[in-house]
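As structure tokens, the structure follows; a few thoughts come after it.
The values are calculated or read from the model by the stated rules, or taken from the named source; none is laboratory data. Bear in mind the structure is a predicted one, so any value in this text is a computation, not a measurement. Note that we place each Cβ from the backbone using ideal geometry, even for glycine, and neighbour counts take in every protein chain shown. Just so you know, the surface numbers come from the protein's heavy atoms only, side chains and all, with ligands and any DNA or RNA stripped out. Shrake-Rupley method; radii C 1.70, N 1.55, O 1.52, S 1.80 Å.
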Amino acid sequence: MAERFRVVGGSALRGEVQVWGAKNSALKLMAAALLAVGRTRLTNVPAILDVTIMAELLRRLGCTVDYDAAAGVVEIDVPEQIGHRADYDLVRALRASTAVLGPLVARTGSADVAIPGGDAIGSRGLDLHAAGLEALGAQVHVTHGFLVAEAPSGLDGADIRLEFPSVGATENVLTAAVLARGTTRLENAAREPEIVDIAAMLSSMGARITGAGTSVIEIEGVEALAPTEHAVVADRIAAGTWAFAAVATRGDVEVVGGVPEHLAAALELVRASGAEVVTTARGFRVDSGGRRPLAFDVATLPYPGFPTDLQPFALAANAVADGSAMITENLFEARFRTVQELNRLGAETRIDGHHVMVHGVERLSGAPVEASDIRAGAALVIAGLVADGVTTVSGAQHIDRGYAGFAEAMQGLGADVTREPDDVPFV
Ligand code: EPU
């Protein structure tokens, strides 16, 4: 049954909120577990649907997977013989399924991974993933909707330069190169904390990796890897979500488990909005002092730049800020769906290509809106908090994919946010 969030506007978020392990790391670490025969244990795993889907994908490849969502633990038992196919039904449900590409080619010499279509934020090709694997000696082709990569006699280390520091392509090259013969030098690699996290887990499995977190990663291939135990890095996007939620609602929120060093660019803009940011023993705190935010410009960039995943929250905060702001999206071509929905709530915006001008208004005005993806959905709930009356955000399942217990976390901060059935007439 479809559900939506019901948001009653008016409350400033106050109190503390916990962030767990990063979705975008946990899913990749689960895929990387395929590289070693035996039982790998991941902790601090978020309780979200995407983890359930990745667990199902690993089971179909022959693994035994135990997921204790309440404890945040995933245990993956990888047998000697594993499959090499990720079907369209799973890839369609979870784009991050493509993270099995590197581990499967490295382990089995072959991977057939269904190609995801475009989605609500852009076209998101796999060309850089394919080029990286080809450089390592795999034969890559597309057939019947699958990307097929084959390296029956194994992979060979190579010098690779990514055209763009793609997160997913960096991960697939890394997880393939760890078992390749010889050394791989990956230039223009993505530098996200999730890359550092996967490199740390691979190293604890016996991989030889240097430079993760910088633009040049060197990987010396090894014969085999061993299973491990690893705690997932904190979710910087969830942490940033709460930071901007505090700004937009004129609140005061301690983000427990948040790592401020992973959010330097975002927290600089939180400060530019007039809020105070302090590091605490357990994370960090954003205190707006009860003041209306000042408008702040944003341009998304690969890490350590401002994350595209936080762009919808910067939009929501600027929609009620004092002044006008220019938001520039440099990573995904279609990531402005939030804008039309914010306009339904009375935001004053103008889109021009990959820029949006936002002129802040004192308050938004509650209305039914629709979430197009995880971040857009969460940003609309926050917008609902600074709107008069009731806002409903349809597509609750999108938000559930990125945030464990979102309504409960909001309630813990004093907000009137609940879930309700969403009967869609005429469909
Ligand atoms: N790109 C290509 N070809 C490729 C790979 C990427 O053209 O082969 C383009 C994409 O189309 C996009 C840009 O490069 O325009 C960036 O893509 P990237 O590969 O860096 O992103 P991703 O690995 O697909 C991850 C996160 C996203 C996050 C981006 C950017 C996961 C599962 N997803 O995606 O997170 O927005 O990095 O930081 O790790 C989310 O959590 O809601 C989310 C969308």
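Answer yes or no: is there a residue in the stretch 160-170 that is aromatic (Phe, Trp, Tyr) and in the same structural domain as Ile399 (by the TED database).
no
To keep it simple, each residue is scored yes or no on (1) on the phi < 0 side of the Ramachandran plot; (2) in the same structural domain as Trp242 (by the TED database); (3) in contact with a helix residue (DSSP H, G or I) (Cβ under 7 Å, 6 or more places away or on another chain).
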residue: Thr280; (1), (2), (3): yes, yes, no
residue: Gly290; (1), (2), (3): no, yes, no
residue: Pro293; (1), (2), (3): yes, yes, yes
residue: Asn318; (1), (2), (3): yes, yes, no
residue: Thr328; (1), (2), (3): yes, yes, no
residue: Phe332; (1), (2), (3): yes, yes, yes
residue: Arg335; (1), (2), (3): yes, yes, yes
residue: Arg350; (1), (2), (3): yes, yes, no
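Condition first: open to solvent by 10 Å² or more (accessible area, probe 1.4 Å) and assigned to a strand (DSSP E or B). Now tell me which residues in the stretch 238-277 satisfy that.
Of everything in the stretch 238-277, those that are open to solvent by 10 Å² or more (accessible area, probe 1.4 Å) and assigned to a strand (DSSP E or B) turn out to be Asp252, Glu254, Val256, Glu276, Val277.
Go over the candidates Val369, Val361, Val393, Val381 one by one and state the one that is touching a strand residue (DSSP E or B) at 6+ places or on another chain (Cβ under 7 Å) and within 20 Å of Arg236 (Cβ to Cβ).
Val381
For the stretch 308-409, which fully contained helices (runs of 4 or more DSSP H) count at least 1 residues that are in contact (Cβ under 8 Å) with a residue 60 or more places away in the chain and more than 16 Å from the ligand (Cβ to nearest atom)?
Of the helices (runs of 4 or more DSSP H) lying wholly inside the stretch 308-409, those with at least 1 residues that are in contact (Cβ under 8 Å) with a residue 60 or more places away in the chain and more than 16 Å from the ligand (Cβ to nearest atom) span 311-319, 374-385.
In the stretch 278-304, what count of residues is obtained for those that are farther than 21 Å from Val361 by Cβ and open to solvent by less than 80 Å² (accessible area, probe 1.4 Å)?
Final tally of qualifying residues: 11.
Name the single residue, out of those in the stretch 111-167 being within 16 Å of the ligand (Cβ to nearest atom) and polar (S, T, N, Q), that is modelled with the lowest pLDDT.
It comes out as Ser123.
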